[in-house]
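First the structure, in the form of structure tokens, and then the observations on it.
Just so it is clear, none of the values below were taken in a lab; they were calculated from the coordinates. Predicted, not measured: the structure shown is a model, and the values here were computed from it. So basically every Cβ, Gly included, is an ideal-geometry build from the backbone, and we count neighbours across all protein chains shown.
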Amino acid sequence: MNKTSHKFFQQVGESRPVSGAHVPAAPLDTGESDADLLDAYSRAVIQVVRSVGPAVVSVVVGKNPRGRHGEQTGAGSGVVVAPEGYIMTNNHVVQGAGRIEVRTSDGTTILARLAGADPATDLAVLRVDTGGLPYASFGDSGSLSVGQLAIAIGNPLGFDSTVSTGVLSALGRAFRSRDGRLIENIIQHTAPLNPGNSGGPLVDSRGRVIGINTAIIPMAQSLCFSIPSNTAAWVLPQLVADGRVRRGYLGIAGQSRPLERSLITVLGLTANQAVEVVSVSRASPAGRAGLRPGDLIIAINETDVACVDDLHRFLTTWPIAEPATLTLIRGGRRITLPIVPAEAVACPATG
């Protein structure tokens, strides 16, 4: 330890202000004791659990569609989001399942069927032929604030109706789904999750679902993630109506590539990366538009493109079969090509 460090620790230990340092602020006087705050916290959690708990179900899956009750190969959680019997969960909970059952909070077991799934957001919707179930409502995940209360309800490791609490620790995170697409605006929170929590709701202090719990980081503490409710609310009606989310695609395989500084200067570009076209499907929208391997896509409809995720982001919201304009570099020159995105049967990770 050097002399400066020794002096610092000595002064801190003696509780004397360091010359030039800020004097600690006086404690806030909120007029409430710790006991009052804890009591208010407990009341909020209890009220939320009473309100939303009956809408949370356990999801049990098996490979054999005619399997005997109890032949379980996987489990997770779900939340009833409509009184007609629609239940939202994670796609990875029910993917490949031959038989799906849900167990309600009162212990009733009901056979469910898959209404639709979207691997790109790791969301799925189940349907049961039982009406009048308690259900939860979505909140607005776009108005969340870091630090606010977060309550997770689910069935971790088979323990039904387990409640855990924490706070929202970060917003706007992103990670990749199992099919390679980037899921954006992910909610990070500290309400402890374990295997079996997947598909269960993350709820705010007013009992509104603000996320669908989807992932944890193994061997880490309090690093838990949820799909935001605004994404779930966007996906839900499409899965109910069509069984899938309709997305456009171009029909290319591409990769990010840094642009040469001289090219940036000559063409007056605002970005230093582009998407290099590696291959083109001949019968795809890209093939019909005349894209070639080696083309560098720098924009679509004047929106900068620096990576494949930028193309996915655009195609998620752009109407299918609506003409768009690609701006690209070919042979050192900037050119534009009209293109009409088509509907993707699957959700290709390459665009």
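Here E322 and L157 are evaluated by their C-beta separation; at R0 = 41 Å the FRET efficiency comes out at 0.30. This ranking places D129, D122 by how few other beta-carbon atoms lie within 10 Å of each, fewest first, which gives D129, D122. Computed over the chain, relative contact order equals 12 percent, with contacts defined as Cα pairs under 8 Å that lie 6+ residues apart. The calculated FRET efficiency for R206 paired with T109, based on their beta-carbon distance and R0 = 35 Å, is about 0.70. Residue order for C307, C224, fewest other beta carbons within 10 angstrom first, comes to C307, C224. Residue separation of Q238 and S222 scaled by 0.36 nm, minus their Cα-Cα distance, works out to 2.5 nm of gained length.
Multiplying the residue separation of A174 and V340 by 0.36 nm and removing their Cα-Cα distance gives an extension gain of 56.9 nm.
Site-free segments of the chain were taken between GluC sites (Glu not before Pro) in DSSP loops having at most 15 other Cβ atoms within 10 Å, sites themselves excluded; the longest one is 85-259. Of V81, V102, V146, the residue with the greatest mean-square motion in the GNM of the chain, using alpha carbon springs below 10 Å, is V146. Modelled spin labels at R246 and E302, positioned 7 Å past Cα toward Cβ, are 2.7 nm from each other.
Looking at the range 159-211, the trypsin sites (Lys or Arg not before Pro) that sit in a DSSP loop and have at most 16 other Cβ atoms within 10 Å of their own Cβ are R178, R206.
What does the charge count around V266 come to, taking other residues whose C-beta lies under 13 Å from its C-beta (Lys +1, Arg +1, Asp -1, Glu -1)?
My count for the surroundings of V266 gives +2.
Taking a point 7 Å out from the Cα of Q255 in the direction of its Cβ, the residues of the range 273-288 whose backbone N falls within less than 15 Å of it are 274-280. Here the contact order of the range 90-219, divided by its residue count and restricted to Cα pairs under 8 Å and six or more residues apart, works out to 23 percent.
The residues packed around R246, meaning those with a beta-carbon under 15 Å from its beta-carbon, carry a net charge of -1 if Lys and Arg are +1 and Asp and Glu are -1. Going by the alpha-carbon gyration tensor, a ≥ b ≥ c the square roots of its eigenvalues, is the range 139-238 rounded (a/c under 1.5) or, if a/c is not under 1.5, prolate (a/b greater than b/c) versus oblate? It comes out rounded by the Cα gyration axes. Annotation for R292 and S279: the two label points, set 7 Å from Cα along the Cα-Cβ direction, are 1.9 nm apart. Each other residue within a Cβ distance under 13 Å of A150 adds +1 if Lys or Arg and -1 if Asp or Glu, for a net charge of +1.
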